[in-house]
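Here the structure comes first, spelled out in structure tokens, and everything after it is commentary.
The values are calculated or read from the model by the stated rules, or taken from the named source; none is laboratory data. Keep in mind the model is a prediction, meaning the values are calculated, not measured. Note that we place each Cβ from the backbone using ideal geometry, even for glycine, and neighbour counts take in every protein chain shown.
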Amino acid sequence: MLDADQIPSGEDGAIEISNRTPLLLRLWGLLSGFERIITVSMFVILTLTVIGPWIAPKPTEKANPRWRLLHPSWEHYFGTDANGMDIFSRVLASFRVDVAIAVIATSISVILGSLIGVLIAQLEGTRSNGRGSRGLAEAALRILDVIQAFPVFIFAMVLVATRGTSSVNIVAAIAFVNLPVFIRLVRSEVLTLQSRPYAEAAQAIGNSNFRIGYRHLLPNAVPAVIVQISVTIGFAILLTAGLSFVGAGVSPPTPELGAMIAGGSRFLVTGQWWPAVFPGIFLAITVFTFAIFGETIGRLITGGFAAGRVTGGGMASLDPQSSPATGGVTAVTNTPNAPVAALSVPNHALELREDHHHPDRQVREHPKISDMTLLRVANLTVQFDSAEPDSLALDRVSLVINPGDRVGIVGETGSGKSVLVRSILQILPENAQVVSGDISVMGSSLSDMAPKDLRTLRGKTMAAILPNPKAQLNPLVRIGSIMATTLRLHEKGLNKEAVQSRCRAALEQVGISDPERRLRQYPHELSGGMAQRVCIALALLHSPKLLIADEPTSGLDVTVQRQVLDLLAELSDVQGAAQLIVTRDLAIVAHYCTWMGVMHQGRLVEFGRTLEIFDDPSHAHTRELLAAVQADVARGVHNV
Amino acid sequence: MSELLRVTDLTKRFPISKDAFVGAVNGISFELGAGETLGLVGESGSGKTTTGRCILRIIEPTSGSIIFDGVDITTQGDEALRRMRSKMQLVFQEPLASLNPRRTVSATLEEPLVLEGELSKRERRERVLETLKLVGLDSTSLGLYPAQLTSSEAQRIGVGRALVTRPKLVVLDEPTSALDSTVRAALLDVLQGIQAELGTSFLFISHDLTAVRRISHRVAIMYLGRLVEIAPTEELFAQQSHPYSRALLSAVLPVDPRAPLDPFVVEGEIPSAVNPKDECPFYSRCPLRTEECLEHFPGYVDVGENHRTACIHSSDLASKSNTELAAGRANRSAGLGVLGGA
């Protein structure tokens with residue numbers, strides 16, 4: 001979520017869209033062709049449930065021996081059954097019986113299941129509950145186990161057989177066998193929701209345990225329940241038909257699909273296929289429709305429908321394995337770039353022009369472009385598919401990094417700094433489009449680079465250090481093995497000893513005093529600072545010429561933060577590698593970067609020597625950022 | 001300043017197996033006056049969040065007493081505790097996640113009043129509007145859902161929810177850490193305004209020293225479940241009497257690019273809190289450590305008015321500059337090297 005939040009204009013966009021187009025139309029637009037067919041089918045089924053018996057062209061329950069087992073014809077579309085009743089009419093009428101029983105039964109299971117599920121979850125939950133209530137919940141769960149251990153169908157049969165075959169009993173039986181499904185579903189949803197901060201907040205303001213469950217958590221469990229409802233109705237229809245088929249459900253002459261199939265099945269052997277096959281087809285379509293419709297709703301709730309709001313959803317799921325730091329190899333989202341015009345004109349001048357508050361601004365010094373230039377980003381514009389057309393994640397960003405430069409980019413949440421990093425590494429999510437502009441590393445443009453060369457580039461020429469180091473290390477693999485894999489990725493044919501000593505040396509280089517032991521450890525055994533050191537060591541394995549560090553110290557403690565930053569600075573001095581540090585902390589840039597840029601709403605609004613910008617910020621946003629932290633300086637906070 | 005809260009010997013242990021436990025909070029004591037802000041500072045794993053939760057009894061403390069407004073809340077039953085909640089509230093770290101996504105701002109703000117059950121519907125509505133104004137928002141946000149709020153607005157709603165019942169104590173758990181610097185300053189202003197107007201006491205839990213200095217009257221520093229130093233804010237920032245406090249403050253980067261970086265940076269990281277021993281928790285990283293520090297947890301010594309520290313070498317520390325401390329650390333490492341070689 002954090003990353004998704006960084007994409008500008010997402011939330012506003014969604015609200016605007018929802019105000020313009022009717023909800024149903026908007027939902028329809030999100031469906032695939034197949035899902036549209038299912039939705040139409042669902043609509044037809046529900047309509048037939050209501051009006052089926054009224055539009056049936058022939059009587060549905062009146063036997064007529066003269067018309068016994070007639071072939072399908074224009075008179076009887078689906079033929080007639082053994083009692084001479086019109087099968088087409090009976091099929092139309094049967095929806096009311098089957099669907100109604102299923103819907104009523106499922107509704108009962110949903111309501112009771114939700115109430116009981118929340119109750120069990122709240123008794124079970126760890127929040128200040130005694131042993132007694134947990135025991136009660138445990139007992140309830142074991143009873144559910146017993147109910148569920150019975151084969152559902154036989155269980156329903158027994159229920160109906162002992163209590164008689166009235167429709168009330170059938171509904172009760174189906175509701176009962178489906179009850180555990182909803183109890184368990186709601187319970188597990190609520191248990192998950194209990195750990196959400198808003199559940200704790202509800203407790204903190206004085207809600208009772210059960211009020212938290214029913215008023216706060218249950219409404220949030222509804223999406224999962226809705227998905228299950230549709231699937232369960234489909235299953236309940238099948239169960240109704242099944243019970244009727246074996247004679248334990250609805251009995252003839254009431255039009256019901258299961259009973260019709262049962263009645264028709266004995267004629268299959270004598271060649272009269274239609275009394276069984278037509279109801280069978282409709283039963284299959286109905287069950288299928290309910291099942292798929294449930295999935296469609298689920299997809300809308302969890303995915304597509306929300307995507308309008310969380311524009312950069314893909315960013316959050318950025319696969320850690322795809323980062324050069326772990327040496328993973330993944331597909332690269334590389335949109336063909338539009339021809340780039342005016343490549344040689346850095347557009348900082350253009351951005352500076354926007355600032356009217358600073359009459360005596362001078363043109364700042366910029367890094368010079370030469371043959372030695374490591375990284376060059378020219379007029380890069382990136383947009384997310386689902387965003388509003390005029391909101392850009394990156395808007396004509398240009399940047400030049402020469403060997404040995406330490407460049408810092410600061411910006412607040414949503415300023416586009418993470419998108420810039422991912423653009424350079426070519427690990428943008430699928431829904432991001434490079435609208436225009438170009439990135440070149442050591443003179444060759446990334447856009448027309450083969451995936452193979454790109455992989456060599458990432459890792460060998462440039463490497464990345466990403467935030468949250470522990471999440472980037474595969475938890476099942478020892479540090480030594482992660483490092484060896486990364487090393488062999490670009491340097492094939494190293495023998496075992498060479499790999500070992502290189503990995504040891506790399507860990508020593510980042511200040512790890514006992515590399516042998518660390519190589520044998522798993523990532524979870526490392527502290528945050530140690531994991532970040534390992535990630536830095538991984539990034540440095542191939543002595544990259546450019547190190548890209550995205551929030552390298554976020555999540556680390558202050559005392560550890562300094563250790564990591566000092567290490568990065570030392571490495572840059574020793575190895576002469578260029579560094580691009582992206583952060584929201586101005587103080588880091590102030591001390592560890594010689595050049596700095598400020599990003600705001602997807603634009604690089606200011607760029608220059610760090611000291612110059614601190615002395616004389618020209619863009620209003622830079623001044624705003626500086627003012628926010630300098631207010632604290634004024635109180636002497638940092639002069640301790 | 002009259003006393004509102006007195007915490008004595010608060011301890012919280014989380015059992016992890018038959019004979020191992022995490023000593024999250026290890027016998028801490030402090031007091032908080034009415035209308036006062038106490039900053040509770042520490043790094044992750046120091047136990048500051050657990051302390052905040054224990055004080056409100058959202059987590060059950062293992063032992064110790066918490067006297068709030070004359071009542072020991074550790075002995076209250078569930079029902080009595082719930083009734084007290086309207087007088088002691090909590091603000092969370094994640095602004096958006098702490099709001100129920102299916103409730104409007106209006107419903108979120110009104111709920112504590114409904115639970116309190118003292119105001120009529122009309123009075124509740126007035127109070128909600130009043131509170132919105134207090135946190136710098138207006139009535140247009142009442143109908144919004146959390147997904148429609150920015151994180152700054154969401155955090156203001158979080159503060160508003162905590163304040164709508166006009167509590168005497170609000171525990172703020174890292175309220176600014178998810179916010180950008182420009183909106184962080186604004187939130188701190190809001191909090192200070194509220195305190196001036198309502199006289200609320202704040203326990204401000206944070207690892208952000210800048211924010212802590214700005215808002216706190218006194219600061220308590222925690223390390224590995226122990227409270228190592230507590231002092232009036234300016235006194236602490238001027239003169240730290242515990243080596244960890246010194247290390248923590250010296251690690252903060254000045255925003256001025258020309259300001260020299262403090263050379264004193266302690267090595268290593270906070271150790272594991274599993275089965276903590278009765279010794280100085282900072283021993284493993286301390287530049288001044290001696291054998292004596294391992295005997296037991298040093299008691300508190302008064303080094304000034306309202307200024308306590310848990311270090312036996314505090315006078316030694318006072319006489320040393322950060323450069324000397326950094327050099328001492330280097331010497332120690334070198335010395336160990338020689339020792340190892342011999």
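A few comments on the model shown:
- Taking (1) buried (at least 20 other Cβ atoms within 10 Å of the Cβ); (2) more than 32 Å from the chain's Cα centre (by Cα) in turn, A:His600 satisfies each apart from (2).
- Taking every residue in the range A:203-223 that is more than 8 Å from chain B (Cβ to nearest Cβ) and pairing it with any residue that is polar (S, T, N, Q) and not in a helix (DSSP H, G or I), at least 6 positions away or on another chain, the pairs with Cβ-Cβ distances below 7 Å are A:Leu217/A:Gln194.
- Among residues that are among the charged types (D, E, K, R) and within 9 Å of chain A (Cβ to nearest Cβ), B:Arg289 is not included.
- 3 or more residues modelled with pLDDT under 90: qualifying strands (runs of 3 or more DSSP E) within the range A:348-442: A:432-441
- Hey, A:Asp615 charged (D, E, K, R), surrounded by fewer than 23 Cβ atoms within 10 Å (Cβ to Cβ), under 27 Å from B:Glu269 (Cβ atoms) and free of Cβ contacts under 8 Å to residues at least 40 places away in the same chain or not: no
- Filtered by the rule that a residue be modelled with pLDDT under 80 and over 21 Å from B:Cys280 (Cα atoms), the range B:297-335 gives B:Ala327, B:Ala330, B:Asn331, B:Ala334, B:Gly335.
- Residues in the range A:262-290 that are touching a residue at least 40 places away in the same chain (Cβ under 8 Å) and surrounded by fewer than 18 Cβ atoms within 10 Å (Cβ to Cβ): A:Phe267, A:Ile285, A:Phe288.
- Every residue from the range A:494-512 that is touching a residue at least 40 places away in the same chain (Cβ under 8 Å) and of a type in the set (S, T, N, Q): A:Gln509
- Residue within the range B:209-217 that is in contact with a Lys or Arg (Cβ under 8 Å, 6 or more places away or on another chain), charged (D, E, K, R), in a helix (DSSP H, G or I) and facing chain A (nearest Cβ under 9 Å) present: yes
- Scanning the range B:160-190 for residues that are assigned to a strand (DSSP E or B) and of a type in the set (Val, Ile, Thr), we see that the one that is farthest from the other protein chains (Cβ to nearest Cβ) is B:Val170.
- The residue that is surrounded by the most Cβ atoms within 10 Å (Cβ to Cβ), among those in the range B:1-27 that are on the phi < 0 side of the Ramachandran plot and acidic (Asp, Glu), is B:Glu3.
- Across the range B:260-276, a minimum of one residue is classified as at the interface with chain A (Cβ under 9 Å from one of its Cβ atoms), surrounded by 23 or more Cβ atoms within 10 Å (Cβ to Cβ) and either of a type in the set (Phe, Trp, Tyr) or within 30 Å of A:Thr610 (Cα to Cα) (or both).
- Considering the conditions (1) surrounded by fewer than 22 Cβ atoms within 10 Å (Cβ to Cβ); (2) assigned to a helix (DSSP H, G or I); (3) within 29 Å of the chain's Cα centre (by Cα), A:Val534 is excluded by exactly one of them, (1).
- Counting only residues that are touching a Leu at 6+ places or on another chain (Cβ under 7 Å), within 14 Å of chain B (Cβ to nearest Cβ) and either in a helix (DSSP H, G or I) or of a type in the set (A, V, I, L, M, F, W, C) (or both), the range A:499-517 holds 1 of them.
- Test: residue in the range A:126-133 that is farther than 30 Å from B:Glu94 by Cβ and surrounded by fewer than 18 Cβ atoms within 10 Å (Cβ to Cβ): yes
- The residues in the range A:597-640 that are outside any helix (DSSP H, G or I), facing another protein chain (nearest Cβ under 9 Å) and either touching a Leu at 6+ places or on another chain (Cβ under 9 Å) or modelled with pLDDT of 85 or more (or both) can be counted, and the count is 3.
- Flag if A:Ser251 is in contact with a helix residue (DSSP H, G or I) (Cβ under 8 Å, 6 or more places away or on another chain), of a type in the set (S, T, N, Q) and part of a helix (DSSP H, G or I): no
- Screening B:Thr200 on (1) more than 11 Å from B:Val41 (Cβ to Cβ); (2) within 12 Å of chain A (Cβ to nearest Cβ); (3) surrounded by fewer than 24 Cβ atoms within 10 Å (Cβ to Cβ); (4) hydroxyl-bearing (Ser, Thr, Tyr) shows it passes everything except condition (2).
- Across the range A:105-125, not a single residue is classified as of a type in the set (Gly, Ala, Ser) and over 18 Å from A:Leu185 (Cβ atoms).
- In a residue-by-residue description of the range A:471-484, the property of being surrounded by fewer than 20 Cβ atoms within 10 Å (Cβ to Cβ), at pLDDT 90 or above and of a type in the set (Ser, Thr, Tyr) applies to at least one position.
Yes/no per residue for (1) more than 14 Å from chain A (Cβ to nearest Cβ); (2) buried (at least 20 other Cβ atoms within 10 Å of the Cβ); (3) among the hydrophobic types (A, V, I, L, M, F, W, C):
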| residue | (1), (2), (3) |
| --- | --- |
| B:Ser29 | yes, no, no |
| B:Gly42 | no, yes, no |
| B:Leu81 | no, no, yes |
| B:Lys87 | no, no, no |
| B:Phe92 | no, yes, yes |
| B:Arg103 | no, yes, no |
| B:Ser106 | yes, no, no |
| B:Leu115 | no, no, yes |
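- Filtered by the rule that a residue be touching a residue at least 40 places away in the same chain (Cβ under 8 Å) and at positive phi, the range B:101-152 gives a lone residue, B:Gly136.
- Checking each residue in the range A:536-581 for being of a type in the set (Val, Ile, Thr), touching a residue at least 40 places away in the same chain (Cβ under 8 Å) and away from chain B (no Cβ under 14 Å) picks out A:Ile536, A:Ile548.
- Pairing residues of the range A:241-254 that are free of Cβ contacts under 8 Å to residues at least 24 places away in the same chain with residues that are buried (at least 19 other Cβ atoms within 10 Å of the Cβ) and acidic (Asp, Glu), at Cβ distances under 8 Å and at least 6 apart in sequence or on separate chains, gives A:Ser244/A:Glu256.
- Residue match in the range A:502-511 (condition: of a type in the set (A, V, I, L, M, F, W, C) and either under 32 Å from the mean Cα position of the chain (by Cα) or modelled with pLDDT under 85 (or both)): yes
- B:Thr50 hydroxyl-bearing (Ser, Thr, Tyr), over 15 Å from B:Ile230 (Cα atoms) and in a helix (DSSP H, G or I): yes
- Hits in the range A:439-460 - residues which are of a type outside the set (A, V, I, L, M, F, W, C) and crowded, with 20+ Cβ neighbours inside 10 Å: A:Arg455, A:Arg458, A:Gly459
- Qualifying positions in the range B:50-79 - in contact (Cβ under 8 Å) with a residue 12 or more places away in the chain, of a type in the set (Val, Ile, Thr) and more than 9 Å from chain A (Cβ to nearest Cβ): B:Thr50, B:Thr51, B:Ile55, B:Thr62, B:Ile66, B:Ile67, B:Val71, B:Ile73, B:Thr74
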